[in-house]
Each structure stands twice: as C-alpha cells, then as structure tokens.
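For reference, the structure discussed in these notes is given below.
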Amino acid sequence: MVVCTQPRRLAATSVAKRVANEMDVHLGKEVGYSVRFEDMTEPGTTFLKYMTDGMLMREAMNNPTLAGYSTVIIDEAHERTIATDILMGLLKSLAKRRSDLKIIIMSATLDTSKFRSFFANSTTKEPAPLLKIPGRPYPIKTLYLSRLDQDYVKMAIRTTLRIHTKEDPGDVLVFLTGEEEIEDACRMITLKAEGLMNQSPNSVGPLVCVPLYSSLSPSEQARAFEPPPPARKRGGPPGRKVVVATNVAETSLTIDGIVYIVDSGFSKQKDFYSNTRIESLLVSSISKGAAKQRRGRAGRTRPGKCFRLYTESDYKNRADQTQPETLRTNLTGVVLVLTKLGITDHTRFHYMDPPTLGSLRRARESLNFLGILDDKHQLTALGKTVSEFPLEPQMAKMLIASPKFLCSDEVLTIVAMLSAPHVWVRPPNQQREADAAKTKFTNPDGDHLTLLNVFNKYMRSIYTVFSLDPQSNLPLQSIRQARQRMGA
C-alpha cells in the first residue's frame, strides 16, 4: 500500500476525494483516507491511503517498521509540523532496515539542499535524488502595498470589494488568521457587496462569501468548492465566489475558479514559553515560503493576480521558511512518542532541526512530574496507558484518574471541550457583548468548570424548553464536535 501524509485533516480528506474522482474509483475502496475519528479505507482493497501526519505517527508507535506500506509520501513537508519531523526522523532510520521501502518527500517550496542532505545515503553520503516537476502554466502578477496598513482585515475587505467591482470575472481566495476575523470579514463583504449590486445592477454581479477553517463541519467546508452564483439575469454581470480562509487553504487544497489571491501576510502560530510552560496561539508574519504557497493557489486555469497586503521590502525581510514546530512548541508529546518507540536518549534522535537541550529537559520533567516517565526516562505503567490516548499527556492522565475521584463524566466533558476548537468567539466589533455573554456561563473556580457549564447548558437546550441565548457568541459547531467525540 502507498500512504501519503498531509499536515491537516481537511487536506487529507479533500485530496483523497479529488484523487478518487480523477482515477474514477470509489472513495473508501481503492483510494481512501484515515483521519482522527474517521476511517474511509477497506482492508485488502485500498492501495492508496491519505492520512494526517499525526495519524501515521501514532500508527508508527505500534508499527515501527511501517509493515504493510511499500511507499511513504510526506506531502507539504515544508510546513515542518511536529508529526512530520518525527516521521522524517523515523524514516531516516527505517531506510537502513527496509531497503524495499520507498520514501518520497514533496513540497512546492522546499529547501531542497537541506532535505537532500538529511536523507543522504548512509554509506556513500550522496544526497538524496531530486525530481523537479514543472509548475503551473499560467503567470501570476504580484502586487504589493506602497505602505503598510495596520488593519489588515479592513484592507482585505476593501481589496476584495475592489476586485469585485474593477477586475475581470474570477473567484477570490482571501487569507486571514482565524475564525473570528473570517466570520466578521464575510459578514462585511456580503453586506457591502449587496449594496454595490443594488446601486449598480448592470455592472456589479452577485457575490457569495464563504468561510473556510478547520472547525467547520464537512458540509460547511464543502461550500468553498461549489461554483459561483449565476448572473441575476441573462446577459448581466456574472457572479463571483469569495472564499475567506485560514492557512488550511494554503496547501494541498485546489479550489477551482480561483483567479485572485488576497494575502494578509499573517497566520496564527503556536509558541511555547518553556520557562512558564504556557503555550499561546499568536498572530505572526508568514514566511516567504508560505507567501509563495498562497500565491500559488491562483494561476491554475488562467492568469491570476496576488494582492499582498504588505510592502515588497517587508516581504524581502521575512524568513525564508516557517520555523519548525519542534523549535517553538511544547515537546512533552514528542518525548512521549519517542519513548514509546524505545528511544530514551531523546537528544540522539534524527531531528532535522534539533530542539534545545533545555526544552527537552523541561518536557521530561513535566512527564516525570505527571508520573508518566520514571527517573530513568522509561515509561511507567501509567505512561504506557497514557501513550495509547491521542491526547495531550495531561488530558490523558485526567481521564485515567477520573474514576478514582468519581468524576468521569465531568472530566470526559471537559477534555472533549478542550479538544474542540474556539469555544469562545469574540468578533472584533462585538468584543464587549461577547465578554458580557460569557459571564452567564462563568464558574468562579476556573475555565475548566466554565466549559463544563457551557456543555451542560447546551445539552439542556436540546432536551428541555431551555434555549441558548442567540447573543451568547457560542460557536455551536465546536460544542457539537465535543458532543460527538463523547458519543453523547
């Protein structure tokens, strides 16, 4: 079997669907996918399987030789997620033991010399072979701002509306950083576009604005791939589709009809402060590599344009590639995975970019404090159980310990809510109202019990006459995800 990894769930499922369609086979039969909570494969029939890199990493914990796979393809390797980096280290070691295994590393914006050196022949030291596949056939014109605008969301809205009124037909893909920004931008674009169309019905066509981010349901995500709206009348100006997305649309996804890219130049990235052991999701400037990926979403079927909402000098001063997650995130999960694989000297693993000794030491200390590792860096009995859970070690231990304290249902709910994205939404123009609404759910004993309150009130709204306040700013899709994961 051939397995191909993608860094995101949406990419794995959508690429599998597209490949199955282009090969004219049934999805889940010859071509399938495997992502968290969903497996669309058939043993003995599936010969091409798409997975998230995290799923293959977890599979490797119990199948370290990757038996059953003849070829492993790591796609979008430039993103350098933790799971991708661990997989590449494992594959580098595995290549010495499995001469039959084919390893393919793919990306449109790789630092090829670095990757070729990493996978060099262990005997001859000859760099790994490189295959270059010709790029897109259509040119893309890149436009920059003459000066920076601090409010990139408003600038993205203005640019999108200018495209709609001034540019030739073609759909637009706008990159923003998160759910709140995207939903707010979609509301504003839709409202203003309706006004423009009513003012000039003979020159401005209809516009549909669609959000795209990871926590949307599959049916909501599928709207991004639908065709644009038709003209309001025969011979009238054609309709246009605008997709406003996070970086989930940066790689792997192909949205037909995209001609224009509006790139804010920002994304949200995880950063871990090891001294305080606090992890934050911060709005950060994207790298040149990420900017090239965004630009490459256009020009697939005709010439395109990329509107970068930053100056050319700003672009030239950006980092060439996104910093690997192993250098900026919590490594407790990495240390747990490596230990499960029998690697107890975590400094000697094949990292492409080795993390600092201090960050590895603090990760071991955290796992030791939790009782997951002993003083010799070996898994304890608790640690072996924790390693079977696809959760952060702290949450896995919470679940395991909860029966002892007679609070399994409550802890299961809290863990499910912590695993669901964006429970609290604070739209930029409604932050005060959102904060006031949150107080209706707040428990003075902390955020975890507040999340428990939210879920319990949601469940009451289903089974009783009680209903959630429509102004509560709760993204119900996230709560439904938590409920689904609990099997409630």
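None of the figures in this text is laboratory data; all of them are computed from the coordinates on show. These numbers come from a predicted model, not from an experiment. Here the Cβ positions follow ideal geometry from the backbone for every residue, glycine too, while neighbour counts run over all protein chains shown.
Observations on the model:
- By the helix-only formula, in which each DSSP H run with n ≥ 4 contributes -39500 (n - 2.57) and the sum is divided by residues, the chain has a 222 nm mean residue ellipticity of -11500 deg cm²/dmol.
- In this calculation the C-beta distance from E22 to D375 is compared with R0 = 41 Å, giving a FRET efficiency of 0.15.
- Taken about its Cα centre, region 117-177 carries a charge dipole of roughly 140 debye when the Cβ of each Lys and Arg holds +1 and the Cβ of each Asp and Glu holds -1.
- Net charge, T311 excluded, C-beta distance under 15 Å - Lys, Arg +1, Asp, Glu -1: +1
- Computed about its Cα centre, the charge dipole of the chain is approximately 980 debye, with only Lys, Arg, Asp and Glu carrying charge at their Cβ.
- Lys/Arg +1, Asp/Glu -1 at C-beta; region 1-154 dipole; positive extreme among T81, Y144, A12: Y144
- Between S113 and Q323, the distance separating the two model label sites (each 7 Å from Cα on the Cα→Cβ line) works out to 2.3 nm.
- Relative contact order of the chain, taken over Cα pairs closer than 8 Å and 6 or more residues apart, is 13 percent.
- DSSP-assigned coil residues among trypsin sites (Lys or Arg not before Pro) in region 343-414, each with at most 10 further Cβ atoms within 10 Å: R348, K376
- Averaging over all projection directions, the Cα-based convex hull of the chain occupies 26.9 nm² in the image plane.
- Candidate lysines - alpha carbon under 22 Å from K154, same-chain residues fewer than 8 apart omitted: K166, K192, K241, K268, K305
- Straight Cα distances below 18 angstrom link K29 to the lysines K17, K49, with same-chain residues fewer than 8 positions distant left out.
- Intensity falloff of region 51-160 expressed as log10 I(q)/I(0), Debye formula with alpha-carbon point scatterers, at q = 0.09 Å⁻¹: -0.39
- Sorted from greatest to least, the principal axis extents spanned by the alpha carbons of region 140-325 come out as 63, 37, 29 Å.
- Overall form of region 139-215: oblate. Here a/c, set by the Cα gyration tensor axes a ≥ b ≥ c, is 1.5 or more, and a/b is not larger than b/c.
- Backbone HN-Hα couplings from phi across region 67-84 [Karplus 6.51/-1.76/1.60, Hz, Gly and Pro as x]: 4, x, 10, 8, 9, 10, 10, 9, 8, 6, 5, 5, 5, 6, 5, 4, 5, 5
- Site pair E312 and V2 shows an inter-label distance of 4.1 nm when each label is modelled 7 Å from Cα along Cα→Cβ.
- Couplings for region 88-103, taken from phi via the Karplus curve 6.51 cos²θ - 1.76 cosθ + 1.60 with θ = phi - 60°, read 5, x, 5, 5, 4, 6, 5, 4, 6, 9, 10, 5, 7, 7, 8, 10 Hz in order; Gly and Pro are left as x.
- About its Cα centre, the dipole of region 140-325 is roughly 780 debye, where the only charges are +1 on Lys and Arg Cβ and -1 on Asp and Glu Cβ.
- Net length available on complete extension from K166 to E38 is 41.7 nm, with 0.36 nm assigned per residue and the Cα-Cα distance removed.
- Counted charge near E167, where neighbours are those whose Cβ lies closer than 12 Å (Asp, Glu -1; Lys, Arg +1): +3
- Three principal axis extents of region 2-118 based on alpha-carbon atoms, in descending order, are 39, 29, 25 Å.
- The convex hull defined by the C-alpha atoms of region 353-425 has an orientation-averaged projected area of 6.9 nm².
- Think of the chain as having a plus end and a minus end, set by charges on the Cβ of Lys, Arg, Asp and Glu; of I103, Y458, P444, I103 sits farthest toward the positive end of this dipole.
- Within region 1-72, antiparallel bridges make up roughly 20 percent of the DSSP beta bridges whose residues both belong there.
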